């Protein structure tokens, strides 16, 4: 018993950063992980929806642009993308804008959140356009026959159905997004993985620090999965397969 | 905006970037994909075996690994592998292990979880009659797997396995956090030394893009080629 208490005691020690205990350090990390994930998820959903719809439009220009967007964000590693936004972009912009961009407070946090969002949006776009094209052709034809414009047939016929079909794959994209948010540590954001490393470098209690981070990620994963399963059952299209 | 670009920095770094960095990245990608596929297939077979406790062990491993960020797993392994090696050899001190080997172990074990899900889907996509027919012919379980199930599962899943390998190719860039000499790592070091990060990172992005794009186009063509029309 004493051994167990001893093992955990490190979490209640004052951290060398002077902000509270090491448990608090990890919680701050978790908070950043969650904040990045939420912003990135919104960006990914919005951009992914726009680009995903463009991939299915009749206009060749829209298709080509959205195709290029998807290939760009899918074929460069996330880490390199973050470096492009964080180190390269301010150098390429006109001098004044670049200087301003470098001085934005928490710029690394926003870079990570938006960079991760754009990276994920390409994946969302692919899933959404696959869902739209997987629907029976009659849906689009019926909408046109009813006299709906392209915009109307998307907003009132195709998309409501597509979002319900695409929900399960989007859940796994959300889980990926949360995991990928750890890459933010490469541009100096002390999210969960980095806060475990910080705790490790101050205390040399590597095992405890990494175990704690691992357990938090596991719990987060289970929680998100459970919530999404709940919603999934609500939005599932009757007659289509639903995971238990 | 490219007026003060120094292309000479990139040209000078080319041999080091490709002969050292890209070779490291590609070696790591291909070996990890190979071991990941083998381990993943074993995990998938365990998961579908129905022999207690094999499905439970494999399922727990796959779900556990898949819920962790790769970066955290990389940090875990670079911390743990020397200790495990110490236990195995019985040395008094943790043994420093070659970083490439540690990275290879990490990526193989990590990717095995993802490859196993692909193989599982591949095996489950086969009609049940295939297995039944094999048993009816008097084949044993290993024979059914080796001669009937796995060849078809591999063929069906080849495009997905290759796509996952492209993802793996991109993910190996994460060894940057350990300052290993992979493609990105070397580019970062040269860029920092010469104060030319902009050029180096743009070049790295371009190379990653060209390779991944070409590879994914090739996979797409292969997919059309190998698809079985039912």
Which of the residues belonging to the stretch B:164-184 are more than 20 Å from residue B:120 (Cβ to Cβ) and surrounded by fewer than 20 Cβ atoms within 10 Å (Cβ to Cβ)? B:178, B:179, B:181
For the stretch B:182-201, enumerate the residues that are touching a helix residue (DSSP H, G or I) at 6+ places or on another chain (Cβ under 6 Å) and more than 8 Å from chain A (Cβ to nearest Cβ). B:182, B:183, B:185, B:186, B:187, B:190, B:191, B:194, B:196, B:199, B:200
Return the residues of the stretch A:156-208 that are part of a helix (DSSP H, G or I), over 21 Å from the mean Cα position of the chain (by Cα), closer than 17 Å to residue A:11 by Cβ and more than 9 Å from every other protein chain (Cβ to nearest Cβ); say none if nothing qualifies. A:198, A:199, A:201, A:202, A:203, A:208
May I ask you to verify whether residue A:43 is away from chain B (no Cβ under 14 Å), in contact (Cβ under 8 Å) with a residue 40 or more places away in the chain and in a helix (DSSP H, G or I)? yes
State whether one or more residues within the stretch B:59-67 are within 13 Å of chain A (Cβ to nearest Cβ), in a loop (DSSP other than H, G, I, E, B) and surrounded by fewer than 18 Cβ atoms within 10 Å (Cβ to Cβ). no
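Conditions (1) free of Cβ contacts under 8 Å to residues at least 40 places away in the same chain; (2) in a helix (DSSP H, G or I); (3) more than 24 Å from the chain's Cα centre (by Cα); (4) within 25 Å of residue B:178 (Cβ to Cβ), marked per residue:
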{"position": "B:13", "(1), (2), (3), (4)": "no, yes, yes, yes"}
{"position": "B:20", "(1), (2), (3), (4)": "no, yes, no, yes"}
{"position": "B:23", "(1), (2), (3), (4)": "yes, yes, no, yes"}
{"position": "B:43", "(1), (2), (3), (4)": "no, yes, no, no"}
{"position": "B:47", "(1), (2), (3), (4)": "no, yes, no, no"}
{"position": "B:52", "(1), (2), (3), (4)": "yes, no, yes, no"}
{"position": "B:57", "(1), (2), (3), (4)": "yes, yes, no, no"}
{"position": "B:76", "(1), (2), (3), (4)": "yes, yes, no, yes"}
{"position": "B:81", "(1), (2), (3), (4)": "yes, yes, no, yes"}
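Can you give me the ranges of the helices (runs of 4 or more DSSP H) entirely in the stretch A:52-139 with at least 1 residues that are more than 12 Å from every other protein chain (Cβ to nearest Cβ)?
Where helices (runs of 4 or more DSSP H) fall fully within the stretch A:52-139 and carry at least 1 residues being more than 12 Å from every other protein chain (Cβ to nearest Cβ), they are A:60-74, A:95-103, A:107-134.
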Identify the single condition in (1) over 29 Å from residue B:222 (Cα atoms); (2) within 14 Å of another protein chain (Cβ to nearest Cβ); (3) part of a helix (DSSP H, G or I) that residue B:101 does not satisfy, given that it satisfies every other one. (2)
Do we find that residue A:73 is closer than 18 Å to residue A:128 by Cβ and surrounded by 20 or more Cβ atoms within 10 Å (Cβ to Cβ) in this structure? yes
Does any residue of the stretch B:165-175 turn out to be out of contact with any strand residue (DSSP E or B) (no Cβ under 6 Å at 6 or more places or on another chain), over 30 Å from residue B:12 (Cβ atoms) and either part of a loop (DSSP other than H, G, I, E, B) or away from every other protein chain (no Cβ under 11 Å) (or both)? yes
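To keep it simple, each residue is scored yes or no on (1) at pLDDT 95 or above; (2) farther than 13 Å from residue A:76 by Cβ; (3) surrounded by 22 or more Cβ atoms within 10 Å (Cβ to Cβ).
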{"position": "B:155", "(1), (2), (3)": "no, yes, no"}
{"position": "B:162", "(1), (2), (3)": "yes, yes, no"}
{"position": "B:206", "(1), (2), (3)": "yes, no, no"}
{"position": "B:214", "(1), (2), (3)": "yes, yes, no"}
In the set B:204, B:224, the lone residue that is free of Cβ contacts under 8 Å to residues at least 40 places away in the same chain, within 13 Å of another protein chain (Cβ to nearest Cβ) and more than 14 Å from residue B:166 (Cβ to Cβ) is B:204
Residue count, the stretch A:75-109 (criterion: in contact (Cβ under 8 Å) with a residue 40 or more places away in the chain and more than 21 Å from residue B:209 (Cα to Cα)): 2
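The values are calculated or read from the model by the stated rules, or taken from the named source; none is laboratory data. What you are looking at is a predicted structure, and each value in this text was computed from that prediction instead of being measured. Note that each Cβ is placed from the backbone with ideal geometry, even for glycine, and that neighbours are counted across all protein chains shown.
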